[in-house]
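The values are calculated or read from the model by the stated rules, or taken from the named source; none is laboratory data. Remember, it's a predicted structure, so these values are computed and weren't measured experimentally. We place every Cβ from the backbone using ideal geometry, glycine too, and count neighbours over all the protein chains shown. What goes into the accessible areas is simple: the full protein's heavy atoms, side chains included, and nothing from ligands, DNA or RNA. Shrake-Rupley method; radii C 1.70, N 1.55, O 1.52, S 1.80 Å.
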Amino acid sequence: MGQAIAATLGVLAALIGSIPPAVLFEGALRKGARTSLAAGIVSIAISFLTLLVALFLGYALAPETFLVFAMALVASFLALWGIEAVRAWRAANGRA
């Protein structure tokens, strides 16, 4: 597997792993939303397991490009949640 493919798959894995908590987070940003701690814990657990399986498969199937895959996964995951953190900060401070 080439490095570009490994990086692309890392980004896709990060996006897939981010879906459960992102859905809950986006719902929580709406006014009058009802979220629960249990739903948050479950979404984080699903995200963690998804990313863990992706890392395991990346290492098992292509150890020669695993570092590229893992770096793309982590960088994409952190970038997504950095953007979400800015959105949460803006929502908490009354900005659109």
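Points to keep in mind about this one:
- Relative contact order of segment 2-93, defined on C-alpha pairs under 8 angstrom at six or more residues apart (%): 48
- Taking 30, 87 and ordering them by how much accessible surface each has at a 1.4 Å probe, largest first, produces 30, 87.
- Furthest towards positive pole of dipole, 15, 5, 57, structure part the chain, Cβ charges: 15
- Cα-based Kirkwood hydrodynamic radius, the chain, one decimal, Å: 14.4
- Those residues of segment 1-40 whose amide nitrogen sits under 19 Å from the label point placed on residue 81, 7 Å along Cα→Cβ: 10-29, 36-40
- Surface composition of the chain: carbon plus sulfur atoms contribute 75% of the solvent-accessible area (1.4 Å probe, protein chains only, all chains present).
- Converting phi to 3J(HN,Hα) with the Karplus coefficients 6.51, -1.76 and 1.60 and the offset θ = phi - 60°, segment 77-86 yields 4, 5, 5, 4, 6, x, 5, 5, 5, 5 Hz in sequence order, with x at every glycine or proline.
- Highest average first, the peptides 11-21, 72-82, 40-50 ordered by how many other beta carbon atoms sit within 10 Å of their residues are 11-21, 72-82, 40-50.
- Under the Karplus curve 6.51 cos²θ - 1.76 cosθ + 1.60, θ = phi - 60°, whole-Hz ³J(HN,Hα) for segment 24-38, x wherever Gly or Pro sits: 5, 5, 4, x, 5, 6, 6, 5, x, 6, 10, 10, 10, 5, 4
- Surface analysis of the chain yields an accessible area of 67 Å² per residue, using protein heavy atoms and a 1.4 Å probe.
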